[in-house]
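A short write-up of the structure that comes next.
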Amino acid sequence: MKTTENKYTITEEPTIRVGIVGGPTVRVSTPGGAVREVGRAEVDAAGGELRPTLEMAEPQLGEAEPGEAAFELCDVAIGIGFHWERREPQRFEGSLLLRSSADNDTDIIAINEVGVEAYLRSVVCSEMKADAPEEFLKAHAITSRSWLLRQLADVGKHPQGRCSITGFTVVNDRIVDELVCWHDREDHTQFDVCADDHCQRYQGVSRRTSAAVARAVDATRGIVLTYGDEICDARFSKCCGGRTERFDACWEDASHPYLESIDDPYCLRATPEVLATVLNSYDREQPGFDQWTERIAADELAALIARKSGIDFGQILELRPLCRGASGRITRLLIRGTLRSMVVGKELEIRRWLSPTHLRSSWMDIEGPSADGYFTFRGHGWGHGVGLCQIGAAVMGAEGHSSDEILRHYFPKAQLTQLYK
């Protein structure tokens, strides 16, 4: 791809605010080991925002050299709501801001203020293993930077990020309720992005284990994907399963020409050796990327759907796909029960309702209930499938494709633009 000149409003590297962890208290320490615990009362007393210091240790918060940890937060949750969810301590550069939570009267939120490029060095090796093919790392850095800067440019344009539309539809001459729901960055109002899969994985300096990631981010500094007069809303998922999905199957009903559904043979060629070089350990705990099967008893499924949706359907009699996206992912699903029937969408809400965590994808065939009382889901891929397929892009990198070729494959019609240097 040819890199064009900047004609956009972002002309220098922004600083962003990343929401890391929240709760009644936050325990923070410096690399030297001094620990301080801060609660809501102290933050409220400071006017709702507090920049803590640790007078008992050097360096104080925010005084570390670039690339070095300035502070550590204890008990940070990662993979929230997914099968790999766990808690761990994480170290961060930049500065720390504690805010009173707007959602309740007891919690505070720990926010990391950091430059975009430092943020991206962590994102790339939090999302994928740091010793992945370097051309893939470059493509990922450009994709992640594009998504982030598009979100910053769009602040205020879509005030309701978690959009729920409740209405009615007709199925077999019967009127049933319909719930359409999707989730996006605008779920967050007190910081720019969160640090988990809801936005992009960001685990501070804790995951930085390779100079290749720093080289990839530095080599692409300020470069984003663009289309027309806009920075691309560049999305990515773990594994598309052989075909990517359109944007409107997963989020708002908008068409982006650079996010069309395309065939992707590369992710189907992933070998165990390639997966070992690109996936962090917790991503390899559950096998099955391009194809997978889940089986659940009908009574367990009824209880699960009731818990996840807050709706008692009674005994589940039928799960019927009513609409699929271009890749085959289900975007509208009829749930027919003995007490109630309802249509649910879009793909993430379907995945959430049908699994204790999340089904890996909504690109699936549904069988059941069987004679022995089970539903079976036979699926493809992991994630929403829109934009760059991380496994497929990693295979392309391993096979010798350049970052330009990777981006051209997953984002046809987009071009590269240098926003800042």
Taking the conditions exactly as written (modelled with pLDDT of 95 or more, closer than 27 Å to residue 276 by Cα and open to solvent by 10 Å² or more (accessible area, probe 1.4 Å)), does residue 138 satisfy them or not? yes
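From 79, 67, grab the single residue that is farther than 30 Å from residue 308 by Cα and at pLDDT below 90. Lay out the reasoning, then the answer.
Details: 79 fails: farther than 30 Å from residue 308 by Cα.
It is 67.
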The one condition residue 288 fails out of (1) crowded, with 16+ Cβ neighbours inside 10 Å; (2) assigned to a loop (DSSP other than H, G, I, E, B) is (1)
Across the range 250-283, what is the number of residues that are free of Cβ contacts under 8 Å to residues at least 40 places away in the same chain, surrounded by fewer than 20 Cβ atoms within 10 Å (Cβ to Cβ) and under 27 Å from residue 182 (Cα atoms)? 4
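Matching residues to (1) of a type in the set (D, E, K, R); (2) under 24 Å from the mean Cα position of the chain (by Cα); (3) open to solvent by less than 10 Å² (accessible area, probe 1.4 Å):
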site: 353; (1), (2), (3): no, yes, yes
site: 356; (1), (2), (3): no, yes, no
site: 361; (1), (2), (3): no, yes, yes
site: 373; (1), (2), (3): no, no, no
site: 377; (1), (2), (3): no, yes, yes
site: 392; (1), (2), (3): no, yes, yes
site: 395; (1), (2), (3): no, yes, yes
site: 401; (1), (2), (3): no, no, no
site: 406; (1), (2), (3): no, yes, yes
Being of a type in the set (Lys, Arg) and at pLDDT 85 or above is the filter; apply it to the range 82-108 and report the residue that is nearest to residue 195 (Cα to Cα). 91
The range 91-102 residues that are under 16 Å from residue 33 (Cα atoms), paired with ones that are charged (D, E, K, R) (beta carbon under 7 Å, 6 or more apart): 91/72; 93/68
Among all residue pairs at least 6 apart or on different chains, which show Cβ distances below 9 Å where the first residue, located in the range 131-156, is within 10 Å of residue 231 (Cα to Cα) and of a type in the set (Gly, Ala, Ser) and the second is modelled with pLDDT under 95 and outside any loop (DSSP other than H, G, I, E, B)? 153/230
Do we have any residue at all in the range 158-172 that's at pLDDT 90 or above and among the aliphatic types (A, V, I, L, M)? no
Yes or no: residue 292 touching a Ser or Thr at 6+ places or on another chain (Cβ under 9 Å), of a type in the set (Phe, Trp, Tyr) and farther than 22 Å from residue 398 by Cβ? yes
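The values are calculated or read from the model by the stated rules, or taken from the named source; none is laboratory data. Small disclaimer: the values here were computed from a predicted structure and weren't measured. We place every Cβ from the backbone using ideal geometry, glycine too, and count neighbours over all the protein chains shown. Ligands, DNA and RNA are stripped out before the accessible areas are found, and what is left, the full protein with its side chains, is counted by its heavy atoms. Shrake-Rupley method; radii C 1.70, N 1.55, O 1.52, S 1.80 Å.
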